[in-house]
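Working notes, structure below.
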Amino acid sequence: MQINGGVRFCEQGMKSSIRAMHVQSEILGIINENVAGFDKVGFQRREPVVSSFTEYIGIHGLSKTVDDQVGRIMVSKNPLDITMANKGYFQVQTPEGVRLTRDGRFKLDKVGNLLDLEDNPVLSDAGMPIKLPIVPNNPSEVVVNTKGKISVYDGNSNEMLEAGYLGIVDSNGLAVINPDVKQGYNEYSNVLIQNEFLAIKPVVRNFEANRQIFMIENNNLQKVIQQLGSSS
């Protein structure tokens, strides 16, 4: 007995061209997303990943990964703007669950809870919302060291009161030992505009090539249909 196996794939060229153009359009969308996020605080570049079978299964073979390289760190006038010089993420508690973010633009509410810009509680290394023991008269009285330890100045006792540590983790949820926290700084995206524009060129060329093939095949099909109609 002999067993023969294999994979055979045959379809019209027009379908292949349409599928390829769809994939290239999705890749352009990812690049446009990167360009739009260039000036956003905490934004991380997306990288399109094309699998080996994308030419057969279309956009289902296309995925994207996040570039976790540190972005552009710039001075801020707000002492509650916090960033990291190393890789890692802050943790905030949202209605949908814990969210990881590089956006460290925080604020305090009236009772001393540390919140993000969307009023979500910022979590400590113990997984609990961070609340200052006292509400400072000025945000400059809040001090964050390089390890993420938060302290606040108590004018009555003339002491620094500890409020806990920022819960800084990697993409897998593991604690970052040395996040190198910087207070009074914002981290803008790690997108390089020139690289994104260079990445557009081959994608556009591939799209145009498949578009031309589609038009040629479409014209040939129309001629065949016309000839069949005239012969009948």
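The values are calculated or read from the model by the stated rules, or taken from the named source; none is laboratory data. Predicted model, so just to flag it, every value in this text is computed and none were measured. Positions of Cβ are generated from backbone atoms using ideal geometry, with glycine treated the same way; all protein chains shown enter the neighbour counts. Accessible surface areas use protein heavy atoms only, side chains included; no ligands, DNA or RNA. Shrake-Rupley method; radii C 1.70, N 1.55, O 1.52, S 1.80 Å.
Can you name the residue in region 28-54 that is touching a residue at least 12 places away in the same chain (Cβ under 8 Å) and in a helix (DSSP H, G or I) and is also farthest from Ile193 (Cα to Cα) among such residues? Out of the qualifying residues, it is Thr54.
In a residue-by-residue description of region 97-108, the property of being farther than 21 Å from Asp170 by Cβ and surrounded by fewer than 15 Cβ atoms within 10 Å (Cβ to Cβ) applies to no position. In the list Glu217, Glu187, Glu208, which residue meets the criterion of being acidic (Asp, Glu), open to solvent by less than 80 Å² (accessible area, probe 1.4 Å), more than 23 Å from Asp81 (Cβ to Cβ) and touching a Gly at 6+ places or on another chain (Cβ under 7 Å)? Checking each option against the conditions leaves just Glu217.
Exactly one residue out of Glu118, Glu187 is in contact with a strand residue (DSSP E or B) (Cβ under 7 Å, 6 or more places away or on another chain), modelled with pLDDT of 95 or more, within 27 Å of Arg45 (Cβ to Cβ) and among the acidic types (Asp, Glu): that is Glu187. Number of residues in region 190-203 that are assigned to a helix (DSSP H, G or I) and surrounded by 14 or more Cβ atoms within 10 Å (Cβ to Cβ): the value is 4. Please determine, by comparing only the residues of region 137-153 that are surrounded by 17 or more Cβ atoms within 10 Å (Cβ to Cβ) and not charged (D, E, K, R), which one is nearest to Gln183 (Cα to Cα). Here the answer is Val144.
Checking the structure you have, find out if any residue of region 195-205 is free of Cβ contacts under 8 Å to residues at least 40 places away in the same chain, among the charged types (D, E, K, R) and touching a Leu at 6+ places or on another chain (Cβ under 7 Å). No: region 195-205 contains no residue that is free of Cβ contacts under 8 Å to residues at least 40 places away in the same chain, among the charged types (D, E, K, R) and touching a Leu at 6+ places or on another chain (Cβ under 7 Å). Reported count of residues in region 154-164, each being surrounded by fewer than 19 Cβ atoms within 10 Å (Cβ to Cβ), in a strand (DSSP E or B) and of a type outside the set (D, E, K, R), is 2.
Against the definition (touching a Leu at 6+ places or on another chain (Cβ under 9 Å) and under 19 Å from Arg99 (Cβ atoms)), how does Val169 come out, yes or no? The answer is yes for Val169.
Could you tell me which residue of region 23-47 is farthest from the chain's Cα centre (by Cα), considering only residues that are over 16 Å from Val203 (Cβ atoms) and open to solvent by less than 40 Å² (accessible area, probe 1.4 Å)? Across region 23-47, the extreme among qualifying residues is Val41. When Gly112 is tested against (1) of a type outside the set (A, V, I, L, M); (2) farther than 18 Å from Gln183 by Cβ; (3) in contact with a Lys or Arg (Cβ under 6 Å, 6 or more places away or on another chain), only condition (2) is not met.
Residue-level check: of (1) of a type outside the set (Asp, Glu); (2) in a loop (DSSP other than H, G, I, E, B); (3) under 30 Å from Glu26 (Cβ atoms); (4) open to solvent by less than 50 Å² (accessible area, probe 1.4 Å), Pro179 misses just (3). For region 65-93, the set of residues classified as over 22 Å from Ile177 (Cα atoms) and either touching a Gly at 6+ places or on another chain (Cβ under 7 Å) or surrounded by 14 or more Cβ atoms within 10 Å (Cβ to Cβ) (or both) consists of Val75, Ser76, Asn78, Pro79, listed by residue number.
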